[in-house]
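The values are calculated or read from the model by the stated rules, or taken from the named source; none is laboratory data. The structure presented is a predicted model; accordingly, all values stated were derived computationally and were not measured. Cβ placement follows ideal geometry from the backbone for every residue including glycine, while neighbour counts extend to all protein chains displayed.
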Amino acid sequence: MKLGLDRKLGINRFLTSWRSVDDPGIGDFSLMINPNGSPQMFIYKGTKPINRSPPWPWRSQMGLYKSTFVNDPDEIYFVYTVPDDSFLLRLIVDHPGHVKALTWRESDGQWKEYWKSPQFQCNYYRHCGSFSTCELANLNEFGCACLPGFEPKYPLEWSRRDGSGGCVRKRLHTSLVCQHGEGFVKVENVVLPESSAAVWVDMSQSLADCEVQCKRNCSCSAYAIIAIPGKNYGCLTWYKELEDINYAGSEIHDLYVHVDAYELAETTRKSIDSREKPMLAVLEPSIALSWFLVSLFAYLWLKKRAKKGTELQVNSTSTELEYFKLSTVTAATNNFSPANKLGQGGFGSVYKGQLANGKEVAIKRLSRSSGQGTEEFKNEVMVIAMLQHRNLVKLLGYCTQDGEQILIYEYLPNKSLDSFLFDESRRLLLDWRKRFAIIVGIARGILYLHQDSRLRIIHRDLKCSNILLDAEMNPKISDFGIAKIFEGNQTEDRTRRVVGTFGYMSPEYAVLGNFSVKSDVFSFGVMLLEIVSGKKNNRFYQLDPPLTLIGYVWELWREEKALEIADPSLTELYDPREALKCIQIGLLSVQEDATDRPSMLAVVFMLISETEIPSPKQPAFLFSKSDKFPDTALEVEDGQCSVNEVTITEIASR
């Protein structure tokens, strides 16, 4: 079925929603092509745009189906086609305003949702206003950022996490915009701006030609070079406000934003220190030296204060943490009622609480009988207080009254990743798109800890039970009770007390006590293989030959049958190339020699790009326990699922 405009007949074919779930009357929402500029698909509520597709040309292949786009003098339309007759594809607009692709298989006997849009805040049109970008963030976090050379139009609203007013060119630079020396700053891997007013300059322009064309016109805001199937490259330029730029999409390109000479010089200066690193716009900015020194001073100050007594006092002004009275905490949890208990961790219990203002929180109460709890409490407060990232759990406050040691976190309703991944029924909720988004989110969170946070953090206990999921299934790394802070240029350390969880610990750490950023990379690799396979490394045993999950995936990889490990609950509704790439990155991350493992920067780059990925070498921990020595095998006791679980294991000689 064609969806679009027949110019000769004057017919516009579009989809409309029902009025309600059981009323097929014409509803409020519609899906139609906007043919102006570079054509786009829009979801409208009445005449108000709600969501849009990237500008043409669109992807020709999207997993299970192929989309074909035609734009000629007679017609402008697109159609979906499927490669075979094994399933049907149906496109609808539902009454709440979502476009959904549904698939039907005779074996299932029902329609299943393959994808829908919009799903996230960045999918909504102009969520962050003009001259800004929107990056996927949770409801409690702010995902808006101004483009290079711009600043918030309404700083007060921006500080309140309302970015709808957008950005304006920096006031101090306005007079410099079109004098000599201006140029362009590249913003990488974004869904290009709304393009109904954009202009195609030439279908054969080179990058240099396109830049010259835009630079000649002072009103040109930005340009992009886009590959067009069968037509080489096209140069797309924007001459008005840049609207609706985001990172929440698969059809991404580089955008070159027109900036003045001052901003161009400032951007060049900032890039000098990171010239050896790939400049990825989707990553957090590099941390300046001044921030590092301030953070190091704060850490040392807190460490000194902790030595003065058994209770840690945190300056709420510098850390933005709130101190909660014990009476407030007990009221929020109904005096730590068992009905509010979410789970049991290694150092205490976690409760769901509701503050007086109605805000739901997760409250971690350290056990008084835990001899190790005090140090872990101090460590967790000091570490998390200095970390701010959308893929890290957010610490809201603490309580140290009457001998209690309590942490108050944001409440994440979906609990931990393992509660979905290793549950036969709940794993069905984790389709491939969600799993891949979780993988990328975890990787970005670890990268922030290793490279972009104020201090280099080694987590040391990364596992699926320590990955929490918010209401939109965005991952958040939790539990920093045994994390280590590296200072200065330190990259590795050694300990006599090995803590963590067997099955996720790297061989050099589990055996020798050596840990580094590559120890966390190993743990990430294990999680990645678990997410793809739906199998838990500590519980998986292949008997003939006796292999662990890592060993089993390695053998399949060597036989070029790696996709056989994919979770059967995914059926065929996943991208085989993407899944194979994840398996390959997982095997690279669990290689036996730490120096062979990629950095998290390289991992993120491999995940989000089409770069060539090296072949992995033999991983560690290939074989499972032997039947000859059943009593000597290390057993990991399964704990209850909790919001903030810590598993501590200590190795001692005998």
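Mind counting the residues in segment 591-624 that are more than 20 Å from Arg433 (Cβ to Cβ) and touching a Ser or Thr at 6+ places or on another chain (Cβ under 8 Å)? Full working, then the answer.
Here is the first cut: in segment 591-624, the residues more than 20 Å from Arg433 (Cβ to Cβ) are 591-602, 605, 611-624.
The next check asks that each one be touching a Ser or Thr at 6+ places or on another chain (Cβ under 8 Å); those that pass are 594, 597-598, 605, 620-624.
So the count comes out to 9.
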query = What pairs come up if the first residue lies in segment 453-465 and is under 17 Å from Asn538 (Cα atoms), the second is surrounded by fewer than 23 Cβ atoms within 10 Å (Cβ to Cβ) and not aliphatic (A, V, I, L, M), and their beta carbons are under 6 Å apart, counting only those six or more places apart or on different chains?
reply = Cys464/Asp418; Ser465/Asp418
ask   = Listed residues Tyr552, Tyr574; which is of a type in the set (Phe, Trp, Tyr) and free of Cβ contacts under 8 Å to residues at least 24 places away in the same chain?
value = Tyr552
query = What residue, among those in segment 441-463 that are outside any loop (DSSP other than H, G, I, E, B) and among the charged types (D, E, K, R), is nearest to Ser416 (Cα to Cα)?
reply = Arg444
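Residues that are small (Gly, Ala, Ser) and in contact with a helix residue (DSSP H, G or I) (Cβ under 7 Å, 6 or more places away or on another chain): does segment 564-578 have at least one?
Restricting attention to segment 564-578, the residues satisfying the condition of being small (Gly, Ala, Ser) are 566, 569.
Within this subset, residues satisfying the condition of being in contact with a helix residue (DSSP H, G or I) (Cβ under 7 Å, 6 or more places away or on another chain) are 566, 569.
Within segment 564-578, one or more residues are small (Gly, Ala, Ser) and in contact with a helix residue (DSSP H, G or I) (Cβ under 7 Å, 6 or more places away or on another chain).
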Restricting segment 1-34 to residues that are modelled with pLDDT under 90 and not aliphatic (A, V, I, L, M), the residue that is nearest to Leu89 (Cα to Cα) = Lys2
query = Does Leu573 satisfy the condition of being under 25 Å from the mean Cα position of the chain (by Cα), surrounded by fewer than 19 Cβ atoms within 10 Å (Cβ to Cβ), modelled with pLDDT under 90 and of a type in the set (A, V, I, L, M)?
reply = yes
remark   = Taking segment 51-75 and keeping only residues that are surrounded by 19 or more Cβ atoms within 10 Å (Cβ to Cβ) and at pLDDT 80 or above, one is left with Asn51, Arg52, Ser53, Pro54, Pro55
key: Leading residue by the ranking (farthest from Glu572 (Cα to Cα)) among those in segment 124-159 that are of a type in the set (S, T, N, Q) and modelled with pLDDT under 90   = Ser159
key: Hits in segment 100-136 (condition: among the aliphatic types (A, V, I, L, M) and crowded, with 21+ Cβ neighbours inside 10 Å)   = Leu136
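What strands (runs of 3 or more DSSP E) completely inside segment 464-538 contain at least 1 residues that are of a type in the set (D, E, K, R) and either touching a helix residue (DSSP H, G or I) at 6+ places or on another chain (Cβ under 8 Å) or surrounded by fewer than 22 Cβ atoms within 10 Å (Cβ to Cβ) (or both)? Before you say what the answer is, go through the steps one by one.
Working: elements: 467-469, 475-477, 484-486, 492-494, 514-516.
Ranges flagged: 475-477, 484-486, 492-494.
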query = Any residue at all in segment 1-14 that is surrounded by fewer than 17 Cβ atoms within 10 Å (Cβ to Cβ), part of a strand (DSSP E or B), outside the structural domain of Leu255 (by TED's automatic domain parsing) and without any contact (Cβ under 8 Å) to a residue 24 or more places away in the chain?
reply = yes
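Taking the condition of being out of contact with any strand residue (DSSP E or B) (no Cβ under 8 Å at 6 or more places or on another chain) and surrounded by fewer than 22 Cβ atoms within 10 Å (Cβ to Cβ), how many residues in segment 438-463 meet it?
Going through segment 438-463, the residues out of contact with any strand residue (DSSP E or B) (no Cβ under 8 Å at 6 or more places or on another chain) turn out to be 439-440, 443-444, 447, 451-454, 461, 463.
Checking which are surrounded by fewer than 22 Cβ atoms within 10 Å (Cβ to Cβ) leaves us with 440, 451-452, 454.
Looking only at that region, the number is 4.
Can you name the residue in segment 561-570 that is in contact (Cβ under 8 Å) with a residue 12 or more places away in the chain and in a loop (DSSP other than H, G, I, E, B) and, of all such residues, is farthest from Gly534 (Cα to Cα)?
Residues of segment 561-570 in contact (Cβ under 8 Å) with a residue 12 or more places away in the chain: 562-563, 565-570.
Restricting the remaining residues to those that are in a loop (DSSP other than H, G, I, E, B) gives 566-567.
Working: Ala566: 8, Asp567: 5 Å.
Taking the candidates together, the pick is Ala566.
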Segment 607-631 residues that are more than 22 Å from Met505 (Cα to Cα), paired with ones that are among the β-branched types (Val, Ile, Thr) and modelled with pLDDT under 65 (beta carbon under 9 Å, 6 or more apart) = Ile608/Val282
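Yes or no: segment 427-436 includes at least one residue that is in contact with a strand residue (DSSP E or B) (Cβ under 6 Å, 6 or more places away or on another chain), among the aliphatic types (A, V, I, L, M) and either crowded, with 19+ Cβ neighbours inside 10 Å or modelled with pLDDT of 90 or more (or both). Outline the logic, then answer.
Filtering segment 427-436 down to residues in contact with a strand residue (DSSP E or B) (Cβ under 6 Å, 6 or more places away or on another chain) leaves none.
No, every residue in segment 427-436 fails to be in contact with a strand residue (DSSP E or B) (Cβ under 6 Å, 6 or more places away or on another chain), among the aliphatic types (A, V, I, L, M) and either crowded, with 19+ Cβ neighbours inside 10 Å or modelled with pLDDT of 90 or more (or both).
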query = Residues in segment 435-446: is at least one among the aromatic types (Phe, Trp, Tyr), in contact (Cβ under 8 Å) with a residue 60 or more places away in the chain and touching a His at 6+ places or on another chain (Cβ under 9 Å)?
reply = no
